[in-house]
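For reference, the structure discussed in these notes is given below.
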Amino acid sequence: MNTPQTNIHDAKIDPRNQNILISVNGKLVPRAEAVVSVFDSGFILGDGVWEGLRLVNGGVPFLLAHIERLYEGAKAIFMDVGLKPLEIVDRLFACIDANKMTDGVHIRLMVTRGVKATPYQDPRVTISPATIVIIPEYKEPNPAKMTEGIILHTVNVRRGAPDVQDQKLNSHSKLNCITACVQAANAGADEALMLDPLGFVATCNSTHFFIVRRGELWTSTGQYCIPGITRANMLRVAKSLGIPAFEKQFSLYDVYGADEAFVTGTFAGLVPVRMIDGRPVRHPMSDAEWSGAGPVSRKLSDGYKALCKAESTRSL
């Protein structure tokens, strides 16, 4: 079936993915045989951390930042990855090379606490080393999204405070985001716009959110979202282009009056937003219809793509 999805991860199903090899604890196995135990911590509890990566010209852009975030997350939950960073990178590229992949690939690197003796949350009943799974798939973002844009819907599911579950943790447990995603889909939107506990804009359910107002680039403080690597590099590109960029608190009032809006993520890079809560994205004093990514968004997208190529690597 080649029907595209209808969200930010819009991509056609690539038939080559049926024959990929997946790395399960260092063993390369065909897709149909890639399984983990029903007693695995990730399956039972969502106990683990993960990274999404892109393959560009045979390497991974911002590889060090991704690996650092993976190990920071593991440390935060007292989880032993079981491999040194260089070892996990070697395993990553062993899987990629076995599939003879060089470009147009999205990779999911997942680490869970391991297999449990019994279905119970206490980490002390874990009886195996960490489970490490690497899934590389041929997956390209739909270029039409750059011209069509996406629709956002503000949901009532909030990004929680760090004393409940720190939103900076890129954990396997994503029920908060999934609930937001379902609510947005039921409202006919592509992605959920989520607020922080104080009602300020935080992030989207699977991407980071930016607006452009009067030539300035705004994004949230970052206190209620994962430390996005694409997000950080978009701010870096803005600085290199001389675009004033701010991480700050702002409300839906500011969003509805924005000149441009877009979301970012490892998979698709920058994707423009055409409508938020039924309101077209454009300056309130303008009668012009939305006609694709705005001038600031296009400059940032081009700069980010160039940066990905320049900083694609196979080593830390």
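Which one of these is surrounded by fewer than 20 Cβ atoms within 10 Å (Cβ to Cβ), within 24 Å of Q18 (Cα to Cα) and in the same structural domain as G46 (by TED's automatic domain parsing): R124, R108?
Result of the check over R124, R108: R108.
Show the residue pairs meeting these rules: Cβ distance below 9 Å; 6+ apart or different chains; first residue within the range 59-82 and more than 21 Å from F93 (Cβ to Cβ); second residue in a helix (DSSP H, G or I) and of a type outside the set (D, E, K, R).
I77/P123; F78/P123; M79/S41; M79/G73; M79/P123; D80/A74
Taking into account only those residues within the range 102-127 that are part of a loop (DSSP other than H, G, I, E, B) and in contact with a helix residue (DSSP H, G or I) (Cβ under 9 Å, 6 or more places away or on another chain), which is farthest from S41 (Cα to Cα)?
Ranking the candidates gives T102 first.
Looking at P244, P280, P227 in this structure, which one is out of contact with any strand residue (DSSP E or B) (no Cβ under 9 Å at 6 or more places or on another chain) and either loosely packed, with under 14 Cβ neighbours inside 10 Å or at negative phi (or both)?
One residue alone meets the criteria, P227.
Tell me, please, whether a residue that is touching a residue at least 24 places away in the same chain (Cβ under 8 Å) and in contact with a Ser or Thr (Cβ under 7 Å, 6 or more places away or on another chain) can be found in the range 138-154.
Within the range 138-154, not a single residue is touching a residue at least 24 places away in the same chain (Cβ under 8 Å) and in contact with a Ser or Thr (Cβ under 7 Å, 6 or more places away or on another chain).
Does G188 qualify as being at pLDDT below 95 and assigned by TED's automatic domain parsing to the domain that holds E289?
Considered against the rule, which asks whether it is at pLDDT below 95 and assigned by TED's automatic domain parsing to the domain that holds E289, G188 comes out as no.
Would it be correct to say that D103 is under 27 Å from C225 (Cα atoms), assigned by TED's automatic domain parsing to the domain that holds G46, exposed (fewer than 14 other Cβ atoms within 10 Å of the Cβ) and touching a strand residue (DSSP E or B) at 6+ places or on another chain (Cβ under 9 Å)?
When the stated conditions are applied, D103 does not pass them.
Are any of the residues in the range 94-110 in contact with a Cys (Cβ under 7 Å, 6 or more places away or on another chain) and either under 22 Å from A310 (Cα atoms) or modelled with pLDDT of 95 or more (or both)?
Checked against the condition, which is being in contact with a Cys (Cβ under 7 Å, 6 or more places away or on another chain) and either under 22 Å from A310 (Cα atoms) or modelled with pLDDT of 95 or more (or both), the range 94-110 yields no hits at all.
Regarding M79, is this residue among the aliphatic types (A, V, I, L, M), part of a loop (DSSP other than H, G, I, E, B) and closer than 25 Å to A32 by Cα?
Values: among the aliphatic types (A, V, I, L, M): yes; part of a loop (DSSP other than H, G, I, E, B): yes; closer than 25 Å to A32 by Cα: no.
When the stated conditions are applied, M79 does not pass them.
Out of the residues in the range 283-316 meeting the condition of being assigned to a loop (DSSP other than H, G, I, E, B), touching a residue at least 24 places away in the same chain (Cβ under 8 Å) and touching a helix residue (DSSP H, G or I) at 6+ places or on another chain (Cβ under 9 Å), tell me which one is surrounded by the fewest Cβ atoms within 10 Å (Cβ to Cβ).
Out of the qualifying residues, it is P284.
Keeping to the range 234-270, report how many residues are in contact (Cβ under 8 Å) with a residue 12 or more places away in the chain and among the basic types (K, R).
Counting residues in the range 234-270 that are in contact (Cβ under 8 Å) with a residue 12 or more places away in the chain and among the basic types (K, R) gives 2.
Please go through the range 17-42 and pick out each residue that is among the hydrophobic types (A, V, I, L, M, F, W, C) and without any contact (Cβ under 8 Å) to a residue 40 or more places away in the chain.
Within the range 17-42, V29, A32, V35, V38 qualify.
Name the single residue, out of those in the range 19-65 being polar (S, T, N, Q) and under 20 Å from R113 (Cα atoms), that is surrounded by the fewest Cβ atoms within 10 Å (Cβ to Cβ).
S37
Only one of N205, N156 is surrounded by 22 or more Cβ atoms within 10 Å (Cβ to Cβ), not charged (D, E, K, R) and not assigned by TED's automatic domain parsing to the domain that holds N99. Can you tell me which?
Exactly one of N205, N156 is surrounded by 22 or more Cβ atoms within 10 Å (Cβ to Cβ), not charged (D, E, K, R) and not assigned by TED's automatic domain parsing to the domain that holds N99, namely N205.
The values are calculated or read from the model by the stated rules, or taken from the named source; none is laboratory data. All of these numbers come straight from a predicted model, not from anything done at the bench. Note: ideal-geometry Cβ built from the backbone for every residue, glycine included; neighbour counts use all protein chains shown.
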